[in-house]
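So the structure is just underneath, and the comments pick up after that.
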Amino acid sequence: MAIRVVRRPPSAIRLWNYAKIGAMDQDFSDFRPTRVWKRLPPERRLAVAEPFWGDEQSTEQQAEAIAAIALHMKFRTKSVLGLPLEKRIKYLSTLPTISDSIVARAMVAYHLERQRPMMSAFLDSLGITHENGLIADETLAKPDEAKLHAAATGLASTFPADDVSLYFATLVAQDPETWGGLAEHCQSLVALRQSPGRP
């Protein structure tokens, strides 16, 4: 993912520009973390939820998730903390109500653990310096539109469509000013949104 390497405490890392999503001329509301989450099939939610629980930078969001699970399941917080990992993954992936902050952090953890080759390939094609998928430059300029389109098309021809769509949706939500041009490339996720019976 195009996450910048920031030398600061984990709690200070910027994950999502919610205000920018709502304030921009183009409508990116479909890319809010919770909206992306609701469009994911159950098996992908499980996959995204798993790395979240082991991510050392997600402690704040993990505490929020534990409280949300306890409330929904009518468990004590201590009981949720004692659940096996598989149970916590399942409960998180099936919560009827989940916050943007939890989903945002889960998306980041998932891509950092499972999708580094794809992230690196995309940044390489754009000529962006990175450390195994992490951008070191905090002042990244908006990519040239034609170059971005070519890189997105190339990535989609190399990696599974669902993986690429989720990655691009994550980037758009994280920084719509920089990555808004990828919105049109989230084809499989858009198709899910338009399918009957999906929110």
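The values are calculated or read from the model by the stated rules, or taken from the named source; none is laboratory data. None of these values were measured; they are calculated from a predicted model. In this analysis, Cβ positions are derived from the backbone assuming ideal geometry, glycine residues included, and neighbour counts consider all displayed protein chains.
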Point to revise | In region 160-185, the residues that are more than 19 Å from ARG45 (Cα to Cα) and of a type in the set (Asp, Glu) | key: ASP175, GLU177, GLU184
Check your understanding: For region 29-110, which fully contained helices (runs of 4 or more DSSP H) count at least 1 residues that are small (Gly, Ala, Ser) and closer than 23 Å to ALA173 by Cβ?
Key -> 42-54, 59-73, 85-93
Review point. When residues of region 110-126 are filtered for being without any contact (Cβ under 8 Å) to a residue 60 or more places away in the chain and within 19 Å of GLY54 (Cβ to Cβ), how many remain?
Key: 1
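Quick grid of which residues meet (1) at pLDDT below 90; (2) under 22 Å from ALA109 (Cα atoms):
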| position | (1), (2) |
| --- | --- |
| ALA2 | yes, yes |
| VAL6 | yes, yes |
| LEU15 | yes, yes |
| ALA23 | yes, no |
| TRP37 | no, yes |
| PRO51 | no, yes |
| ALA65 | no, yes |
| MET73 | no, no |
| THR77 | no, no |
Revision key, fill the gap. Within region 69-94, the count of residues that are hydrophobic (A, V, I, L, M, F, W, C) and either closer than 13 Å to PRO51 by Cβ or crowded, with 19+ Cβ neighbours inside 10 Å (or both) comes to 5
Review point. Among the numbered criteria (1) at pLDDT 95 or above; (2) surrounded by fewer than 20 Cβ atoms within 10 Å (Cβ to Cβ), which single criterion is violated by ARG45?
Key: (2)
Point to revise | Criterion (modelled with pLDDT under 95 and over 18 Å from the mean Cα position of the chain (by Cα)) met by exactly one of ASP162, ASP137, ASP124 | key: ASP137
Study note, to complete from the structure: Quick count over region 129-169, residues being buried (at least 17 other Cβ atoms within 10 Å of the Cβ), in a loop (DSSP other than H, G, I, E, B) and free of Cβ contacts under 8 Å to residues at least 40 places away in the same chain, is 1
Point to revise | Residue under evaluation ALA104, criteria (1) at pLDDT 95 or above; (2) in contact with a Leu (Cβ under 7 Å, 6 or more places away or on another chain), criterion not met | key: (1)
